[in-house]
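The values are calculated or read from the model by the stated rules, or taken from the named source; none is laboratory data. Worth saying up front: this structure is predicted, and the values here are computed from it rather than measured. Virtual Cβ from ideal backbone geometry, glycine too; neighbours counted across all protein chains shown.
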Amino acid sequence: MKVLVIGQGGREHAIACQLAQSPSVSKIFVAPGNAGMGSIAELVPIKENQMTDLLNFAQENKVDLTIVGPEVPLTDGIVDHFQQAGLRVYGPTKAAAMIEGSKSFAKHLMKKYDIPTAEYEVFDNKEGALAYVAERKTPIVIKADGLAAGKGVVVAQTSQEANDAIEAMMGEGKFGIAGHQVVIEEYLQGEELSLMAFVDGHVVVPMVPAQDHKPVYDGNQGPNTGGMGAYSPVPQFNRQRVNEAVENILKPTAEALVQEGRPFTGILYAGLMMTPQGPKVIEFNARFGDPETQVVLPRLETDLMEIINASLDHRLDDIKVNWSDDAVVTVILASEGYPGSYPKGRKIHGIDEDHHEEGIRIFHAGTAQTEDGLVTSGGRVLAVTAKVQSIAAARQMSYEAVQKIHFEGMHYRQDIGAKAIGRL
Ligand code: AMP
Ligand code: GLY
C-alpha cells in the first residue's frame with residue numbers, strides 16, 4: 001500500500017517509522033514532513049491545513065491510505081472531505097473530533113454521560129467569568145475553549161492570575177477565536193497519565209500508558225508547552241488503575257460519541273488526573289499525543305497498518321495487539337524562547353553520530369534541511385528517544401545522547417522520567 005501521513009512533528013516521524021516496518025507498506029509520503037523523515041518517506045511540500053491540495057495529491061498519486069496526525073486538519077473536517085471523495089483515511093470525522101476541538105463540548109458530553117472529570121462552568125463573556133472566579137477557591141483552571149497548541153490552559157494559583165488569564169483570553173484575544181469562550185474548572189490534585197486507544201465506534205483497544213511533561217521547566221515550573229518529554233510504561237500506576245480508566249473513561253466516551261451520532265474512528269487520547277477518587281479527565285484529544293507517540297509506538301509489536309486497516313474495516317475487535325515490556329524515554333530539545341516565540345534556522349550539530357546507535361532513535365520535530373545543513377525550524381526541535389529494559393537505563397541513555405547534540409539556545413528538561421524512578 002501507498003500511505004500518506006499528514007503532519008510534520010515528532011509524532012508523525014514516529015508514525016512513519018512504524019509504518020516503514022510494515023510488510024504491507026510499499027511507499028510512504030509525508031506532507032509536509034520534516035528533515036528527519038527523508039530516509040524513509042518522500043516529503044510532499046503541502047501544509048497540513050491545505051485540504052484540497054492534499055486530496056488532489058492523494059488522488060493523483062493513487063494513495064491507498066491517508067493517516068492524519070495533527071488536530072487542526074481533523075477538527076477542520078479533512079476526514080469527511082477525503083471520505084466524500086471515496087478515499088480511505090484514518091482519523092475521526094469533524095463531528096467526532098469536536099471532543100478535542102471544543103473543550104466545552106467535551107465537558108458537556110462528560111457531564112451528560114457521567115464520565116469523571118473536574119467540575120466546571122463555561123463562559124462566553126468576561127464579566128461572568130470574572131464573577132465566577134471571585135466566588136471560587138484557588139487554585140483554579142482557566143481554559144480557552146478552542147485549539148491553542150497545548151498552551152491555552154492556565155492553572156491559576158491566585159484570583160489575580162485567574163483574572164489575568166481571563167483578561168488575556170477574552171479581553172485581549174490572546175488565542176483568537178479559540179479564547180472567546182472559556183471553560184473554568186476545578187483544580188484536580190494527583191499525578192497525570194496519558195492513555196491513548198485505537199477506537200472504532202464501540203470498540204476500544206487501549207495502548208500502553210505514558211506520562212508527558214507539559215510545563216517548560218524542571219519540577220513542572222513555568223508555562224505549559226505541547227510537551228517537553230515523555231516515558232512509558234508508568235510504573236506508578238498498576239494494571240488495575242489503568243483498567244479503571246479504560247472501563248470508566250475510554251469505553252463510556254466512545255459509547256457516548258456513538259449515542260450522540262458522532263461515532264469515533266481513530267486515536268482517542270485521554271489526558272487523565274489520577275486522583276484519590278480515581279482517574280478523572282483533564283482533556284481529550286482526537287489523535288496521537290506528541291510526545292507520547294514517540295514513547296508508545298516504539299513499544300508496539302503488532303503491525304500498525306494491520307491495526308489501522310482492521311479499524312477501517314470494522315474488525316478492530318478481532319486484532320490482538322501486543323506490546324514490548326521495554327521502557328522508552330524521550331527528551332524534547334526545544335528552541336530558545338519556546339513556548340513563546342523562537343528563532344528559526346539555527347544550525348543543529350551532532351546528530352549524525354547518534355542516528356544508528358543501538359536503542360537510540362532521534363525523532364525530528366522542527367527541523368529543516370538547508371544548504372547549510374540541518375537547522376531548527378520549530379519550537380520543539382528533536383525528540384531524543386531511548387528504548388531499553390528499564391526506565392532508569394532509558395533515561396540515562398537518552399540524556400547521554402542529548403549531550404552530543406547542540407544548537408544555539410537549545411533547552412530541555414533534566415527530569416524527564418525522574419518520577420518513575422523515585423527521583424522526585
Ligand atoms: P490540557 O491542555 O487541558 O491538558 O491542560 C494542560 C495542563 O494543565 C494539564 O496537563 C495539567 O497539568 C493542567 N491542568 C489542566 N486542567 C487541570 C485541572 N482541572 N486540574 C489540575 N491541572 C490541570
Ligand atoms: N502531549 C499532549 C498532546 O499531544 O496534546
Report every pair of residues separated by at least 6 positions or lying on different chains whose Cβ atoms are under 8 Å apart, first residue within segment 35-55 and under 14 Å from Gly69 (Cβ atoms), second part of a loop (DSSP other than H, G, I, E, B) and of a type in the set (A, V, I, L, M). Leu54/Ile46
In this structure, is Val141 modelled with pLDDT of 95 or more and within 30 Å of Gly9 (Cα to Cα)? no
Out of all the residues in segment 272-285, is one or more more than 13 Å from ligand 1 (Cβ to nearest atom) and among the hydrophobic types (A, V, I, L, M, F, W, C)? no
Taking segment 149-169 and the residues there that are in contact with a Gly (Cβ under 7 Å, 6 or more places away or on another chain) and within 16 Å of ligand 2 (Cβ to nearest atom), the one that is nearest to Val182 (Cα to Cα) would be Gly152
Looking at segment 72-103 only, could you name the residues that are acidic (Asp, Glu) and crowded, with 24+ Cβ neighbours inside 10 Å? none
Filter pass, Val30 being over 23 Å from Arg380 (Cα atoms), among the hydrophobic types (A, V, I, L, M, F, W, C), modelled with pLDDT of 95 or more and in a strand (DSSP E or B): no
Pairs, first free of Cβ contacts under 8 Å to residues at least 12 places away in the same chain in segment 222-248, second surrounded by 14 or more Cβ atoms within 10 Å (Cβ to Cβ) and of a type outside the set (A, V, I, L, M), C-beta under 8 Å, six or more apart: Gly222/Pro215
Read through the list (1) out of contact with any strand residue (DSSP E or B) (no Cβ under 6 Å at 6 or more places or on another chain); (2) surrounded by fewer than 20 Cβ atoms within 10 Å (Cβ to Cβ), then give the number of the only condition that Thr253 fails. (2)
Within the set of pairs 6+ apart or on separate chains, which have a first residue in segment 146-163 that is more than 16 Å from Arg287 (Cα to Cα), a second that is of a type in the set (Lys, Arg), and C-beta atoms under 6 Å apart? Val153/Lys143
Got a sec? Which of Val281, Val375, Val381, Val329 is within 30 Å of Leu257 (Cα to Cα), of a type outside the set (S, T, N, Q) and surrounded by 15 or more Cβ atoms within 10 Å (Cβ to Cβ)? Val281
Look at Thr302 and say whether it is over 30 Å from Glu408 (Cα atoms), among the hydroxyl-bearing types (Ser, Thr, Tyr), outside any helix (DSSP H, G or I) and modelled with pLDDT of 95 or more. yes
Residue check, Thr75 against (1) assigned to a helix (DSSP H, G or I); (2) away from ligand 1 (no atom under 16 Å from the Cβ), all met but one. Which one? (2)
So, first residue without any contact (Cβ under 8 Å) to a residue 40 or more places away in the chain and under 13 Å from Arg287 (Cβ atoms) in segment 88-117, second residue surrounded by fewer than 20 Cβ atoms within 10 Å (Cβ to Cβ) and aromatic (Phe, Trp, Tyr), Cβ within less than 6 Å, six or more apart or across chains; the pairs are none
Could you look through segment 140-159, keep only residues that are surrounded by fewer than 16 Cβ atoms within 10 Å (Cβ to Cβ) and of a type outside the set (Gly, Ala, Ser), and pick out the one that is farthest from Pro291 (Cα to Cα)? Thr158
From the list Thr275, Thr265, Thr253, Thr225, pick out the single residue that is over 30 Å from Leu65 (Cβ atoms) and modelled with pLDDT of 95 or more. Thr275
For a quick check of your reading: which strands (runs of 3 or more DSSP E) sit entirely within segment 315-423 and have at least 2 residues that are touching a Ser or Thr at 6+ places or on another chain (Cβ under 9 Å), under 19 Å from His213 (Cβ atoms) and modelled with pLDDT of 95 or more? 327-334, 360-364, 380-388
